[in-house]
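Reading through the structure tokens given below for one structure.
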Amino acid sequence: MSTQRATSSTVDLLLACCRWPVNAADVARCAAGVDWQLFAALARRHRVQGLVYRALSQAGLPAAPLAADARRIATDNLRLAAESVRLHRRMAAADVPALLVKGVALGMLAYRDLGVKMGWDIDLLVAPARLETAAAVLGEAGYRCSLPSPGTVSLAEWHAFSKESVWRHEMSGIHVELHSALVDHPLLLPDVGAWSPAQLVELSPGMVLPTLTTDTLFAYLCVHGAASGWRRLKWLADVAALLARGDVLETERLYHRSQALGAGRAAGQALLLSHRHFGTVLTPQLAAALHADRTARLLAWAAARMMLDEEGYDAAAERTWGTLPIHLAQFLLLPGWRYRTVEMRRKLTPDPHVGGSRWAYPVRVLARRWREARAGEGGRSRHAPRAQSDGRFKPDQTAPL
């Protein structure tokens, strides 16, 4: 991706493939002049191979390069669905109320299909008071905690710092993110948790999972995408597909409900992005209100630049100030100095796992870039190797803030 430019036609086709339901005519119309090798790489970067394969197949376009990806996504989702049901039943037997967030439940709600939404883990939300019991259930189910690393800090200490711990099944390799909260900032979605109203999603006959109601789920998806800079197109595609289930009045209702829940400007940012890139229809009143919010427009503009950047987030993370827009945007999701003060304090809180604050990673990258620039290299120093991930954070996280 670093040596090829993502042309507007390539991006237009990717967006057309990710709109749900699929409009085969639009997909075919956008396909002229597309570099198919670059297009496949772009689909993989945004983790939308399942959506793209389905759309290309319906439009009669060459989908073979993504066929193996689509089969793997469908197979993985079946495994994740079965394991999600197994874990939910174990939690219920141990009297641990738990919600399954995003993942296969969202796939069924948004797309009514288990086979198209890519996922790599299971997000399990429990109340903080039931955290230790939930961890014991995971241990009995064959999972071992990988973040925090065993022997470093206690689970309670880690969850006081981070909203989730990461667990891996020793035989299947399936990952579970055990959440005691959905958002790190206490002023965003302050009353959303395992106690929130739930809806049941039927994956298949006899396989039912509880997840957040659509009102709360929409608000959470907006905050999740905003906190991560919307750098994966799949997150916005999920929001647009969820909205496509209802009409324009339902979209407006969901927005106002998200404000009552504390989603702040994240919801407005998401709707502006979804309206522009996926054709989500807004009422004239809602459209006028969102466009009148200059900060929401700025957030949407910055997110679109990061999401549709020709090289992507990983390359931006290696550039001086490359990911600064994401970090600055996190200070703008709610108005007022109280929110910003808490956000600054949160970023400066020492990481109990490695000893540095959440700012440690970007500060180290910026310091290295500054030294390289002073050395006259104009980029990477000849003697400085490329920064490598330590494997503790999955690619979908803002590393690590």
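If you go through region 199-227 and keep only what is among the small types (Gly, Ala, Ser) and open to solvent by 10 Å² or more (accessible area, probe 1.4 Å), you end up with Ser204, Gly206, Ala227. Only one of the numbered conditions (1) surrounded by 17 or more Cβ atoms within 10 Å (Cβ to Cβ); (2) touching a His at 6+ places or on another chain (Cβ under 7 Å); (3) under 25 Å from Thr323 (Cβ atoms) is violated by Ala304, and that is (2).
The listed residues are His159, His169, His179, His175, and the only one of them that is of a type outside the set (Lys, Arg), more than 30 Å from Arg340 (Cβ to Cβ) and open to solvent by less than 30 Å² (accessible area, probe 1.4 Å) turns out to be His169.
Considering only residues that are among the hydrophobic types (A, V, I, L, M, F, W, C), closer than 21 Å to Leu182 by Cα and touching a residue at least 40 places away in the same chain (Cβ under 8 Å), which ones fall in region 126-152? Show your work before the answer.
Filtering region 126-152 down to residues among the hydrophobic types (A, V, I, L, M, F, W, C) leaves 126-127, 129, 131, 134-138, 141, 145, 147.
Within this subset, residues satisfying the condition of being closer than 21 Å to Leu182 by Cα are 126-127, 129, 131, 134-138, 145, 147.
Scanning region 126-152 gives Val126, Ala127, Leu131, Ala134, Ala135, Ala136, Val137, Leu138, Leu147.
Here the helices (runs of 4 or more DSSP H) wholly within region 182-298 that include at least 1 residues being under 25 Å from Gly115 (Cα atoms) are 214-227, 233-244, 265-278.
Answer with yes or no whether Gln49 is within 18 Å of Met118 (Cβ to Cβ) and buried (at least 16 other Cβ atoms within 10 Å of the Cβ). The answer is yes for Gln49.
Residue count for region 182-198 satisfying the condition of being open to solvent by 20 Å² or more (accessible area, probe 1.4 Å), aliphatic (A, V, I, L, M) and within 19 Å of the chain's Cα centre (by Cα): 1.
The values are calculated or read from the model by the stated rules, or taken from the named source; none is laboratory data. Since the structure is predicted, the reported quantities are computational estimates derived from the model, not experimental observations. Methodologically, a virtual Cβ is constructed for each residue, glycine included, from the backbone with ideal geometry; neighbour enumeration extends over all protein chains shown. Only protein heavy atoms, including side chains, enter the accessible area calculation; ligands, DNA and RNA are left aside. Shrake-Rupley method; radii C 1.70, N 1.55, O 1.52, S 1.80 Å.
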